[in-house]
1. On a C-alpha basis, how far is the centre of segment 285-330 from the centre of segment 185-231 in Å? Whole number, if you could?
2. Over the chain, what is the percentage of antiparallel beta bridges among all DSSP beta bridges, to the nearest 5?
3. Suppose a student asked you for the relative contact order of the chain, using Cα pairs under 8 Å spaced at least 6 residues apart; what percent would you report?
4. Most fluctuating residue of 29, 114, 39 in a GNM of the chain with Cα springs under 10 Å: which is it?
5. Greater than 24 Å separation of Cα atoms is the criterion. Which listed pairs, 198/302; 134/301; 148/198; 148/301; 133/204; 305/329, meet it?
6. Working from the pairwise distances between different alpha carbons, so that the mean of 1/r is found and then inverted, what is the chain's Kirkwood radius in Å?
7. Tell me which cysteines of the chain come out unpaired when the rule is another cysteine's Cβ under 4.7 Å.
8. Where in segment 39-70 is the amide nitrogen less than 18 Å from a point lying 7 Å along the Cα-to-Cβ axis of residue 231?
Amino acid sequence: MTTANERITQELRQRARQLLESGQVAAFVGYTSGSMPMVMQPFVARTPEETDRLEWNSFCVLNLANYLPALLKSLEPPRRPGDPPPEGPLPKVGVVATGCWSRNMVVQIQENQVQRERLVIIGISSRGMVDRKKVLGLVGHADVTSVKEDDNSLLVKGPGLEQEINRWDVIRDNCACCVHPDPVIFDHMIGDLKGERKLGERFKQVEEIENMSVQARWEWFTSEIDSCIRCYACRNACPLCYCPTCFVDDSRPQWVGKSIEPVDTAIFHIIRAYHCAGRCTDCGSCESACPMGIRMRILTKKLQKDVLELYGTEAGMSLDTPLPLSTYKLDDPQDFVLTESLKGEKK
């Protein structure tokens, strides 16, 4: 009996092959097996034959939207600065997308990083992805050589190891609190739309920290980032980080030092999080890429909560809904920028 992921894999290969054979797309972005168990790597199929390498399972965690701007640019005819845009339709790219990835594509379209008409999106409603680090923790960080997945469990094997794990015990934190599993934009759909999930503790991790004292919150933050080695894997995996020059690389002025001193590290994480405010879809790619296990998505989750409460909106839910922090109207209320003491004086 085939599993849900095996059925998705077969249909994904068929649809991607059809798109490439028909010339509708010049490339298709999906996943293929990595060099280690429980690690799937992004893969670009450029011929119909290469689509046989596409796979889908619960370890497809890196956000494919991250690769679209550069890939689309690479398919354009070369031109010099100042040359007019090329005439006629440009090559398209096919890509697979779940809820959060499709929402990042919406943000990229709104920020003029990609064009909707150049994307052919195959949507898949997410069942939630598995956290590789949680699996390793349950097997005592033993050497894992293979993982066989069915719809509800993982069979983990290694030297002297054979353990069955309930899939739902090792779901990624961002997937466990996700309420939008369905892609918001797509051209083809594999499987059915699941609809919005009803979760009572969507911001539980954030609220636990909000309820701490100021000192305790600072101690949590400094302890969390203490192991940061400033490798920038979180930035490089983020589909929102496409500035030509990152603020950490600026030298005139130098916004933040490049050392691993606590102050430099803290400033980096705070500024990185605020750059994602109103744009982050909580895809969790930053945490998946972090080699030190830093839970930096709690910072962006906090900002996601604040934006939802202040503006009643979430990033990427609709192409017609502008990003809240890049939109301004003359009659916008201003009270939220005032301190409590100033609000009292105003009255």
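Here, each number is a calculation from the coordinates, and none is a lab measurement. Note that the structure is a prediction, hence the values are computed from the model and not measured. Neighbour counts run over all protein chains shown; Cβ positions are idealised from the backbone, glycine included.
1. For segment 285-330 versus segment 185-231, the Cα centre distance is 10 Å.
2. Expressed as a percentage, antiparallel bridges in the chain total about 60.
3. 16 percent
4. Looking only at 29, 114, 39, the biggest GNM fluctuation is shown by 39.
5. Working: 198/302 19 Å; 134/301 20 Å; 148/198 30 Å; 148/301 32 Å; 133/204 21 Å; 305/329 22 Å.
With Cα atoms farther than 24 Å apart: 148/198; 148/301.
6. 22.1 Å
7. Flagged as lacking a Cys partner: 60, 175, 177, 178, 228, 231, 243, 246, 290.
8. Only 39-42, 61-63 pass the distance filter.
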